[in-house]
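Since the structure comes first, as structure tokens, the remarks are kept for the end.
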Amino acid sequence: AVCKLFLKTGNTKRILFLVDRIELEDQAVKAFKGIYGEDYFVNTVKSGKWQNCQIVVSTVQTLLAGDKYRELFSQIDFELVISDEAHRSLGGNSRAVFEYFIGYKLGLTATPRDYLKGVDSQELEKNNPKALELRNLRDTYKTFGCEDGEPTYKYDLKAGVAAGFLINPFVVDARTEITTELLSEEGYAVDVVDEEDNEGEQVFGSRHFERTFFNEDTNRVFCETVLSQGKLDPITGEFGKTLIFCVSQNHAAKVVNMLNILAMQKWEGKYNSDFAMQVTSSVAAAQDMIKDFSANRLGGKSQFAESTHPDYETGKTRVCVTV
């Protein structure tokens with residue numbers, strides 16, 4: 001709606017929509033084309049066909065590579081720059097792209113960063129001016145002119161639920177003795193012996209799980225709980241499509257393996273190590289897998305209810321495990 005307003009009123013001839021992942025680039029192009037149809041031309045920078053477009057979509061990384069944003073564009077080529085996941089576009093080298101263009105700036109984020117909240121700016125400027133400068137640069141509220149800590153516009157979970165677009169989450173409590181301790185203030189303590197045979201105690205917290213502390217039983221409990229509590233397809237009774245977020249690619253691989261073992265035991269003959277799949281950057285064709293999961297065809301056609309619902313189209317892979 002904002003883009004259309006700018007274009008129709010002549011406040012802009014061309015808009016840049018910045019994202020930070022290829023998946024979001026594809027998603028944005030499809031969304032714009034789906035809304036505008038033939039009214040406006042939409043394409044990506046990498047397509048090489050952006051010159052006649054009203055809306056140009058690009059990842060920040062594409063524009064940063066070889067300083068392409070300076071090579072391809074002048075500072076006034078876009079009268080409106082929209083940054084998706086704006087809290088990321090302000091960090092590191094990404095900020096150079098964001099600041100290069102001098103048009104209107106609109107930032108979209110579910111996690112705005114208030115790096116100046118509770119900070120004595122005068123005191124910090126006196127003792128550590130560089131730290132204050134960094135906070136100012138990364139603070140999404142200050143960058144987008146919302147110094148009072150209130151965004152220009154917000155749409156929260158409560159409003160989404162009331163409008164029927166979202167549902168409230170519900171929590172299933174699944175834990176082992178180890179996870180209970182990992183989540184406690186004291187943490188989970190273990191006796192360790194160092195390389196010089198000195199005995200000592202090492203304490204792990206929740207942030208260490210599957211990063212520096214590994215426990216197969218805990219992963220099994222998590223996976224068993226997912227399979228026992230997950231919702232089923234109301235048509236066929238097959239396990240519903242599910243997303244699982246892990247803390248690392250290594251953790252994702254372990255969870256996929258565990259889920260496939262449990263699924264083959266629970267639904268004998270229905271799956272063959274394809275009930276769950278890892279979809280992360282280390283896996284070949286991850287982009288295509290995302291599209292297939294969205295379109296209900298990841299892993300091929302499900303044979304779960306072939307005898308009772310032979311014409312029912314849904315993907316065989318039920319769980320997408322990512323990070």
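The values are calculated or read from the model by the stated rules, or taken from the named source; none is laboratory data. Please read these numbers as outputs of a predicted model, since none were measured by experiment. All Cβ positions, even for glycine, are placed from backbone atoms using ideal geometry, and neighbour counts span all protein chains on display. Each accessible area value is taken on the protein alone, full model and side chains, heavy atoms only, with ligands, DNA and RNA left out. Shrake-Rupley method; radii C 1.70, N 1.55, O 1.52, S 1.80 Å.
A few points about this structure:
- Residue list for segment 86-116, restricted to those being closer than 21 Å to Glu71 by Cα, polar (S, T, N, Q) and open to solvent by 40 Å² or more (accessible area, probe 1.4 Å): Asn93
- Selection within segment 153-209: residues that are closer than 30 Å to Val2 by Cα and among the β-branched types (Val, Ile, Thr). The member of this set that is modelled with the highest pLDDT is Val161.
- Filtering segment 285-304 to residues that are within 22 Å of the chain's Cα centre (by Cα) and either of a type in the set (Lys, Arg) or open to solvent by 80 Å² or more (accessible area, probe 1.4 Å) (or both) leaves Asp288, Lys291, Ser294, Arg297.
- Segment 170-211 - residue that is of a type in the set (Phe, Trp, Tyr) and under 21 Å from Val226 (Cα atoms) and, of those, least open to solvent (accessible area, probe 1.4 Å): Phe209
- Cβ-Cβ under 7 Å pairs, at least 6 apart or on other chains, segment 173-194 side more than 16 Å from Phe214 (Cβ to Cβ), far side outside any strand (DSSP E or B): Ala174/Val221; Ala174/Phe222; Ala174/Thr225; Leu183/Ser206
- Among the conditions (1) more than 18 Å from Ala28 (Cβ to Cβ); (2) at pLDDT 90 or above; (3) among the basic types (Lys, Arg), the only one that Lys117 does not satisfy is (2).
- Breaking point among (1) at pLDDT 95 or above; (2) more than 18 Å from the chain's Cα centre (by Cα); (3) closer than 29 Å to Lys30 by Cα, for Thr236: (3)
- Evaluation of Phe165 against the conditions (1) in contact (Cβ under 8 Å) with a residue 24 or more places away in the chain; (2) among the aromatic types (Phe, Trp, Tyr); (3) farther than 30 Å from Asn11 by Cα shows that the sole unmet condition is (1).
- Residue in segment 117-168 that is farthest from Ala86 (Cα to Cα), counting only those that are among the hydroxyl-bearing types (Ser, Thr, Tyr) and open to solvent by 100 Å² or more (accessible area, probe 1.4 Å): Tyr155
- Selection within segment 256-269 - at pLDDT below 95 and either within 21 Å of Asp292 (Cβ to Cβ) or acidic (Asp, Glu) (or both): Glu268
- Flag if Glu238 is within 27 Å of Glu313 (Cα to Cα) and surrounded by 15 or more Cβ atoms within 10 Å (Cβ to Cβ): yes
- Segment 265-281, residues that are over 16 Å from the mean Cα position of the chain (by Cα) and part of a loop (DSSP other than H, G, I, E, B): Trp267, Glu268, Gly269, Lys270, Tyr271, Asn272, Ser273, Asp274, Phe275
- When Ser248, Ser307, Ser282 are checked against the criterion of being under 20 Å from Leu24 (Cβ atoms), open to solvent by 10 Å² or more (accessible area, probe 1.4 Å) and of a type in the set (Ser, Thr, Tyr), Ser282 stands alone in meeting it.
- Residue ID - farthest from Arg21 (Cα to Cα), chosen from residues in segment 247-264 that are assigned to a helix (DSSP H, G or I) and not aliphatic (A, V, I, L, M): Asn260
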